[in-house]
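Novice: Handing you a structure now.
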Amino acid sequence: MALHPYDPVAGAALRNVPLAEVDSKDRSLALSRPWQLRPSLLASIASHGILTPLRLRPKQNGLMQVVHGFRRFEAARRLGLPSIPGLVLASRNLLKLFLQALEEGRTARTLSSLENAAALRTLKYRFNVPEKRLIEEFLPLLDLKENRRTLRLHLDLAVLPDALQQALERGLENETALRLSGRPEDFQSLCCRLILSFQLGKNRQKKLVEMLDEILAAASKQEVQSVEEVWRELGCAALENRADLTPADRWKRILALLRQARYPALSRHQARFDELKAALKLPPPVRLQAPRYFEGSSLEISMTVREARQLDGLARELKRISGSQEWEELFRLL
Amino acid sequence: MQPYKPEKVFVERAVAESVITRNVLGNLPMAQVEWIDEAGQMVDKSRRWNPSIARAKQSLVLARHPGRFFKPCPAGTTKTGRRNVCCNYFVVNFASNCHMECSYCYLQAYLNLPYMVVHANVEDLLDELGQVFSSNPRSHYRVGTGELADSLALDSLTGYSRPLVEFFAGFTNAALEFKTKSNCVENLLQLDHRGRTVVSWSINPPTVVQAEEHKTASFEQRLAAAEKCSAAGYPIVFHFDPLIHYPEWEKDYRSLVEEIFQRIPPRSVPWVSLGALRMPPRLKALVRERFPRSGLPLGELLPTEDGKLRYFKPIRVEMLSKMRAWITAASPQTRIYSCMENTDVWQKVFQSQQPPSEVELGDSLLQLL
Ligand code: SF4
């Protein structure tokens, strides 16, 4: 039964389609995943019903295929609505229908990385659109950089497991997600938990995954341990749950433990350097710095002074401590 | 060593008459041969190849090297413009790529080629070298062939060593170095080398060879090959490079040094070099991906001034210093140097104020022949 007197798409009919007549398993044209349904959309549909009809297409098995409106369909399903308004399209040109749906989606809102990824994957594998056309035509259409690397990245993002895709929506970086995708699930979930709870930026995510991966690889050379066991043994699990510390402090300490595990000789060296430096009791305006990773043969001493008298005092103080054993040892550390 | 047996040989028509082409085709009667007009484009196209694909390097390309063969070794100059202590070395790239699979090999990140390429225009190579050596008779040249390939791994197919050794025998201001992890020395044994060709092995303890240097000759095979070359009068050089740090490294490297000098007369070994493991960061990621069982990326590798990752400085100073002491004890007359290290580390290891200049170091090595 037509709901409106006009037909906005040639050969299309607006109908109220019983939910049971829709093939709920066929998500081959979907850009979103079922978990991407926003609570606000669910609430809106619960109060007002579906205001914009979905685009549907009759299939040979007698059911309807959703072409556009997967989130609305998911909401209707969860809310147990008996039927949905659907614009039933007569065209058999599925690619054309998909492109219309994509156009509608991308002009109505900014598509997420994952939606872009799903669109590109569908175009490539469902419709066999050649890579050259994807790069030259569709990447710019989706506001993405026009190169093969971007295409590859998105094609890979589209097949990430659900857990990683969900983390992507909450702050996991694309590159980190791809790096994690080949790793065991317990490793993925530990990394995602840390990245999301400490809201780590791109570089920190990269560093964390690399360090943890290497620590675990080294641990598994001795005896096979689970990721969480190693995490506990490092003392990180206890720190992660310390309510008396701010998240920033917790993260700082966890990072220090990871560094100690990954770079034990450097950590010992650094600790000795810090001890000796503390023993020098340098006047507060004086800063003493070792070269990065102790690569180099000189120490850097810097100070901030406001007047000549202060400089004179500091110079005398530095001279007084310059013969101390600590200095000797500090230089030997280089 | 696992011998190299290509399934297919591409031959550029320009090298149809080369002695190297004749040798290869004669030694591979069963291989499929395809004649091509121009190899450069085919090789360039293949650079998009993914190095993790296992069925690689099954084809050998015999091509004409279009440019200059002879150039200074790039090791002394770093990406950041800093200079490491260098030994005034020159290289000729007679081939590109290697069929062996050392986990740490920089070629996998640098070359990324699915083919083995041999530049068969040896006549051009010799002409070029002849011009360089005779127009600068007062300069000294140490020339290596092992920068982008193993010097001898394909020698049983190509016979490249013969024209090179015979050519260098005619010069007193130049010496050739074959650097290898193979045991392919049969072609060398009857040649009249006049002491102007050095045969060198990059060597590591058997546990490292087994774990990290896949498809190469075993430690025993390398040493046996070195014994043969030493008996044939060749100066023998060992490159203890890359030194690998692991819990038993001291015991293993010490016995490695002792065994070498028990079996190779110290007087046959004019010099050795030392170098600790180093790699650009992208190579570390590649090693993790391609060799997940390798322990190398798990070492305490940190960024250094030239952008490469190296063991934490005290670790490499300790390794290089101890190696130096063990080698000196086993063979006091053998000269030891370390390239690919900065001045700071050199001074600590060699307890000297200033490292020698590259010309001084290079010339002093040459004088040992
Ligand atoms: S033998 Fe040399 S060139 Fe060949 S893989 Fe090993 S390191 Fe690389």
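Novice: Rg (Å, one decimal) plus Dmax (Å, integer) for the alpha carbons of chain B?
Specialist: 19.9, 59
Novice: Could you compute how fast the protein assembly as shown diffuses translationally, taking Rh as the Kirkwood radius over C-alpha pairs and applying Stokes-Einstein at 20 °C with viscosity 1.002 mPa s? Give it in µm² per second. Each step should come with its number before you reach the end.
Specialist: On the way: Rh = 30.6 Å.
Answer, rounded: 70 µm²/s.
Novice: Of the cross-linked pairs B:LYS57/B:LYS251; A:LYS221/A:LYS277; B:LYS8/B:LYS71; B:LYS179/B:LYS348; A:LYS207/B:LYS348; A:LYS96/A:LYS132, which ones have a Cα-Cα span greater than 29 Å in the structure shown?
Specialist: Correct reply: B:LYS57/B:LYS251; A:LYS221/A:LYS277; B:LYS8/B:LYS71; A:LYS207/B:LYS348.
Novice: Still on this structure: How large is Rg/Rh for the stretch B:170-226, to two decimals, with Cα atoms and a Kirkwood Rh?
Specialist: Answer for the stretch B:170-226: 1.06.
Novice: Place +1 on the Cβ of every Lys and Arg and -1 on the Cβ of every Asp and Glu in the protein assembly as shown, take the dipole about the Cα centre, and give the residue among B:LEU152, B:VAL61, B:LEU309 whose Cα lies farthest towards its positive end.
Specialist: The residue sitting farthest along the positive end of the dipole is B:LEU309.
Novice: Once you have a ≥ b ≥ c as the square roots of the Cα gyration tensor eigenvalues for chain A, tell me rounded if a/c is under 1.5, and otherwise prolate or oblate according to whether a/b is larger than b/c.
Specialist: The shape class here is prolate.
Novice: Relative contact order for chain A: what percent, with Cα pairs under 8 Å and sequence separation of 6 or more?
Specialist: Computed value for chain A: 10 percent relative contact order.
Novice: At a Förster distance of 41 Å, what's the computed FRET efficiency of B:SER135 paired with B:GLN353, Cβ-Cβ distance as r, to 0.05? Write down the numbers at each step before the final one.
Specialist: On the way: r = 36 Å, r/R0 = 0.88.
The calculated FRET efficiency here is 0.70.
Novice: Determine, from the Cβ-Cβ distance of A:GLU103 and A:ALA43 and an R0 of 41 Å, the FRET efficiency 1/(1 + (r/R0)^6), rounded to the nearest 0.05.
Specialist: 0.90
Novice: Running Debye on the stretch A:110-159 with equal point scatterers at the Cα sites and no solvent, what base-10 log of I(q)/I(0) appears at q = 0.14, 0.22, 0.24, 0.28 Å⁻¹?
Specialist: -0.25, -0.66, -0.80, -1.12
Novice: Under a point spin-label approximation (7 Å from Cα along Cα-to-Cβ), what is the B:LEU368-A:ALA13 distance to one decimal in nm?
Specialist: Inter-label distance under the simple model: 9.3 nm.
Novice: So, R0 is 25 Å and r is the distance between the beta-carbons of A:ARG242 and A:ALA271; what FRET efficiency does that work out to, to 0.05?
Specialist: Computed FRET efficiency for A:ARG242 and A:ALA271 comes out at 0.70.
Novice: What is the sum of charges around A:ARG309, taking Lys and Arg as +1, Asp and Glu as -1, for the other residues whose C-beta is under 15 Å from the C-beta of A:ARG309?
Specialist: Charge balance in the 15 Å sphere: -1.
Novice: Taking the Cα atoms only, what angle lies between the long axis of helix A:94-108 and the longest principal axis of chain A, rounded to 10 degrees?
Specialist: Roughly 60 degrees between the two axes.
Novice: Which parts of the stretch A:14-40 would a label at A:SER83 reach, counting a residue when its backbone N lies under 12 Å from a point 7 Å out along Cα-to-Cβ?
Specialist: A:14-21
Novice: B:PHE70 versus A:VAL159, label points 7 Å from Cα toward the beta carbon: distance in nm?
Specialist: Each label point lies 7 Å from its Cα, and together they span 5.2 nm.
Novice: Looking at chain A as a GNM with Cα springs under 10 Å, which of A:ARG170, A:ARG92, A:ARG309 has the largest mean-square fluctuation?
Specialist: A:ARG309
Novice: Let me ask something else. Please determine, in degrees from 0 to 90 and to the nearest 10, the orientation of helix A:308-321 with respect to the longest principal axis defined by the Cα atoms of chain A, where the helix direction is its Cα long axis.
Specialist: That helix lies at roughly 70 degrees to the long axis.
Novice: Project the alpha carbons of the stretch A:24-150 onto their principal axes and report the range along each, largest first, in whole Å.
Specialist: On the principal axes, the stretch A:24-150 reaches 44, 34, 21 Å in Cα extent.
Novice: Amide H neighbours of B:PHE10 under 5 Å, counting only residues 5+ apart in sequence or on other chains, H built in-plane at 1.01 Å?
Specialist: Answer set, sorted by chain and number: B:GLU34, B:LEU60, B:VAL61, B:LEU62.
Novice: At what distance in nm do the modelled label points of A:LEU178 and B:ALA231 sit from each other, each positioned 7 Å from its Cα along Cα→Cβ?
Specialist: It is 5.5 nm.
Novice: Would you mind counting up the charge near B:VAL122? Only other residues with Cβ under 12 Å from its Cβ, with Lys and Arg at +1 and Asp and Glu at -1.
Specialist: -3
Novice: Nearest 20 debye, what's the magnitude of the dipole of the stretch A:180-262 about its Cα centre given +1 on Lys and Arg Cβ and -1 on Asp and Glu Cβ?
Specialist: 480
We did not get these values from a lab; they are worked out from the coordinates using the rules stated. This one's a predicted model, so the numbers in the text were calculated from it and none came from an experiment. Positions of Cβ are backbone-derived with ideal geometry, glycine not excepted, and every protein chain shown enters the neighbour counts.
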